[in-house]
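Each remark here refers to the structure printed beneath this line.
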Amino acid sequence: MITGDIKNQIDRIWDAFWSGGISNPLEVIEQITYLLFLRRLDDLHTLEENKSARLKKPMERRIFPKGKDARGRPYEDLRWSRFKHLAPAEMYAVVGEHVFPFLRTLGGDDSTYAHHMKDARFTIATPALLAKVVDLINDVPMEDRDTKGDIYEYMLGKIATAGQNGQFRTPRHIIRLMVELTAPQPTDVICDPASGTCGFLVAAGEYLREYHPNILHDAKLKEHFHHHMFHGFDFDNTMLRIGSMNMLLHGVENPDVVYRDSLSQDHAGEDDGK
């Protein structure tokens, strides 16, 4: 569970967006999601740098390439740890003109989430708002998986009003009950045909960690858990991004969260073998 202090931090981020003129809760969570993803990319790149230095070998996988982007800005400047120290006006220019175009062509992060970035939109209106939000997000503790997941769930709770923006959010205790009734097993394949924020898939993952704690110790089961177990369909690209990030922050590396209208006749013949 997250503490009152962390909730207050999230509330301040939310209030900053509202006072900055962004009042659509889905747009707020989407912009926060982009910034959290940028922070994660920088963390991954730092881990690779540390591994390279420790083993005295070249980096195996670079998230941010060497050299400069098409507009002549060094890719190093696109990292969270770099641009967060810039003056607001320069930070705003870097994020809007360099970071988001980089995200839209991202291939370095081999995850489902990266594939949903091709239409990423930067809608934070002013340098002052961006600087304030980056400072606030930078102070949120995101090291522990449970904390990361709970923080994101708390944010998603802010779009929980039934019917707001056409989204309906199932209460967590109902999700938990349904998952416990189905009792997923480590070798199962799990699909949510209307996944939204992926709450049911997240709960299934947490159930498996709790009741089958060895699932991530067996190489074959771990591979299945991270890459083949979870499938979510939705026809709202914003929800696909949000749902993918929810899975990512709950420790599922590469879930299959894809664009699909599950009620369409085009998919009437699909089964668990396809």
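Observations, loosely collected:
- Checking each residue in the range 191-211 for being at pLDDT 90 or above, in contact with a Leu (Cβ under 8 Å, 6 or more places away or on another chain) and not in a helix (DSSP H, G or I) picks out only 192.
- Screening the candidates 52, 81, 23 for the property of being among the hydroxyl-bearing types (Ser, Thr, Tyr), open to solvent by 40 Å² or more (accessible area, probe 1.4 Å) and under 30 Å from residue 146 (Cα atoms) yields one hit, 23.
- Scanning the range 122-135 for residues that are crowded, with 19+ Cβ neighbours inside 10 Å and either in contact with a Lys or Arg (Cβ under 8 Å, 6 or more places away or on another chain) or in contact (Cβ under 8 Å) with a residue 60 or more places away in the chain (or both) returns 124, 129, 132, 133, 134.
- Cβ-Cβ under 6 Å pairs, at least 6 apart or on other chains, the range 1-22 side closer than 16 Å to residue 36 by Cα, far side at pLDDT below 90 and open to solvent by 30 Å² or more (accessible area, probe 1.4 Å): 10/154
- Any hit, the range 247-258, residues being of a type in the set (D, E, K, R), open to solvent by 20 Å² or more (accessible area, probe 1.4 Å) and at pLDDT below 85: yes
- When residue 31 is tested against (1) open to solvent by 10 Å² or more (accessible area, probe 1.4 Å); (2) modelled with pLDDT of 90 or more, exactly one condition is not met: (1).
- Selection from the range 87-136 of residues that are charged (D, E, K, R) and modelled with pLDDT of 85 or more: 90, 97, 121, 132, 135
The values are calculated or read from the model by the stated rules, or taken from the named source; none is laboratory data. Keep in mind that what you see is a predicted model, and the values were worked out from it rather than measured. Note: ideal-geometry Cβ built from the backbone for every residue, glycine included; neighbour counts use all protein chains shown. For accessibility, only protein heavy atoms count, side chains too; no ligands or nucleic acids. Shrake-Rupley method; radii C 1.70, N 1.55, O 1.52, S 1.80 Å.
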